[in-house]
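Engineer: Sharing a structure, written as structure tokens. Questions coming.
The values are calculated or read from the model by the stated rules, or taken from the named source; none is laboratory data. Bear in mind the structure is a predicted one, so any value in this text is a computation, not a measurement. When we count neighbours, we look across all protein chains shown, and the Cβ atoms used for this are built from the backbone with ideal geometry, even at glycine. Accessible surface is based on the protein model in full, side chains and every heavy atom, while ligands, DNA and RNA are left aside. Shrake-Rupley method; radii C 1.70, N 1.55, O 1.52, S 1.80 Å.
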Amino acid sequence: MKKLIVFDLDGTLAESKAALDPEMAKLFSRLIDIVHVAIISGGDWPQFEKQVLSHLPQDKHLKHLSILPTCGTKFYQYKKGWEKLYSEDFTDDEKTKIIDSLNAAIKESKTEVIKTWGEAIEDRGSQITYSALGQKAPLNEKKVWDPKFVKRKKIKDILDKTLPEFSVQMGGATSIDITKPGIDKAYGMRKLKKVLGIKISEMIFIGDALFKGGNDYPASTTGADSIQVRDPDETKRVIETIISCLGGKISTFEIEKEKKQDA
């Protein structure tokens, strides 16, 4: 019996930088009613608040939810409120080297973008994230920029050589995440094991970027069972199946009925 279900966020639980839709919010709320759940994502804490937490009931069941921003380099748990357990931040010198190398790699790969929406390079403390079209880019623009990860792979290949002391992973619709060495979603999975006392073999990881080089891939190397999904709609079906297997007795019919009642 699995005791912990671990999710990626963007592309898995919600579209890139978007909030959980009503159906996902209901399914996710039911899931944390019956089993421990965690989310590991490249996004920082404010992104979790906006995309996930503000759409869930603020009740005792949040104690079943662990939040690991920036690929597991931060860890939040709910007690009387949300508390940060740790944060693996970069030094100023490390940040400067990463940003300089990232700018050089973008230029060398000839993947520069003329129009952006907001800052393209974001300092998240424990992670530097490159979002090619900017942090506030429209979803439809992001979906067509690099759907097969070809452009970002060019940048990653360069960074793997110029930043060998750091971890470089692709994720989301347009992003590249850079963290300290050995600190990725596998690191987050091991932290979950240590903090929650749940064995890796008792976890399931669900994500949309489990391919080699994707920022979900490290989670699959831990020995946890992993489920690759195409998008949030497929994740919903996976959650329904997990709830049913755990005795939650939920069906698509029930969700559709509730959606009609809400309307």
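Engineer: Counting only DSSP beta bridges with both residues in the range 37-141, tell me the antiparallel percent, nearest 5.
Structural biologist: Here the share of antiparallel DSSP bridges comes out near 70 percent.
Engineer: A further question on this structure: When the helices in the chain are scored as -39500 (n - 2.57) per DSSP H run of 4 or longer and the sum is shared across all residues, what 222 nm value do you end up with, to the nearest 500 deg cm²/dmol?
Structural biologist: -11500 deg cm²/dmol
Engineer: Taking every pair of distinct Cα atoms and averaging 1/r, then inverting, what Kirkwood hydrodynamic radius in Å comes out for the range 15-75?
Structural biologist: One over the average 1/r among Cα pairs gives 11.8 Å for the range 15-75.
Engineer: Using per-residue counts of other Cβ atoms within 10 Å, averaged over each peptide, order 209-215, 71-77 from highest down.
Structural biologist: 71-77, 209-215
Engineer: In whole angstrom, how far apart do the alpha carbon centroids of the range 100-176 and the range 1-45 sit?
Structural biologist: A separation of 24 Å, based on Cα centres.
Engineer: Then there is this: Would you calculate the volume per residue, in Å³, of the smallest convex hull containing every Cα atom of the range 62-200?
Structural biologist: 132 Å³
Engineer: Let me ask something else. Please tell me the relative contact order of the chain in percent, rounded to the nearest whole number, where contacts are Cα pairs under 8 Å and at least six residues apart.
Structural biologist: Rounded, it is 22 percent for the chain.
Engineer: Measure off, as a whole percent, the carbon and sulfur share of the 1.4 Å-probe accessible area of the range 1-130, all protein chains present.
Structural biologist: On the range 1-130, the fraction of accessible area on carbon and sulfur atoms equals 50 percent.
Engineer: Still on this structure, please answer the following. Would you work out if the range 169-247 is rounded, prolate or oblate? Take a ≥ b ≥ c from the square roots of the eigenvalues of the alpha-carbon gyration tensor; rounded if a/c is under 1.5, else prolate when a/b is larger than b/c, oblate otherwise.
Structural biologist: oblate
Engineer: Now for a separate question. Rounded to the nearest whole Å², what accessible area per residue is found for the chain with the 1.4 Å probe?
Structural biologist: I get 47 Å² per residue for the chain.
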